[in-house]
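To keep things clear, I will list the structure first and then write my remarks on it.
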């Protein structure tokens, strides 16, 4: 039996950050190693979203790359920027929604 990865679980993962909002991210994990988050410092929780096959990983990366990550320098100098800065959860939502529409 081959142990080669053919399918990935897609998760929304949250990590705690001292004195700040939780950090959210997408995680693609081979189905054979489905629980790999507990060893990471700050790990808070994860929510399974769906599975994608290995042949669609390149397209997943294209979708993620076309959504600019939420970088806003105002968050470094302003306590409450107006309009509010986009956070990483918005980026995670955008990527997961488009991947689900196109690849799942």
| request: Kindly provide the set of residues from the stretch 1-57 that are touching a helix residue (DSSP H, G or I) at 6+ places or on another chain (Cβ under 9 Å), loosely packed, with under 13 Cβ neighbours inside 10 Å and either touching a residue at least 60 places away in the same chain (Cβ under 8 Å) or within 27 Å of residue 75 (Cβ to Cβ) (or both), ordered by number. | output: 21
| If you take the residues of the stretch 60-95 that are touching a helix residue (DSSP H, G or I) at 6+ places or on another chain (Cβ under 6 Å) and either touching a residue at least 40 places away in the same chain (Cβ under 8 Å) or closer than 18 Å to residue 12 by Cα (or both), which of them is surrounded by the most Cβ atoms within 10 Å (Cβ to Cβ)? | 95
| task | Residues that are in contact with a strand residue (DSSP E or B) (Cβ under 8 Å, 6 or more places away or on another chain): find the helices (runs of 4 or more DSSP H) completely inside the chain holding 2 or more of those. | result | 57-66, 88-103
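Every read-out reported here was derived from the displayed coordinates using simple, explicitly stated rules and does not represent laboratory data. Here the structure is a predicted model, which is why all the values come from computation and not from measurement. Every residue, glycine as well, gets a Cβ built from its backbone with ideal geometry; the counts of neighbours run over all protein chains shown.
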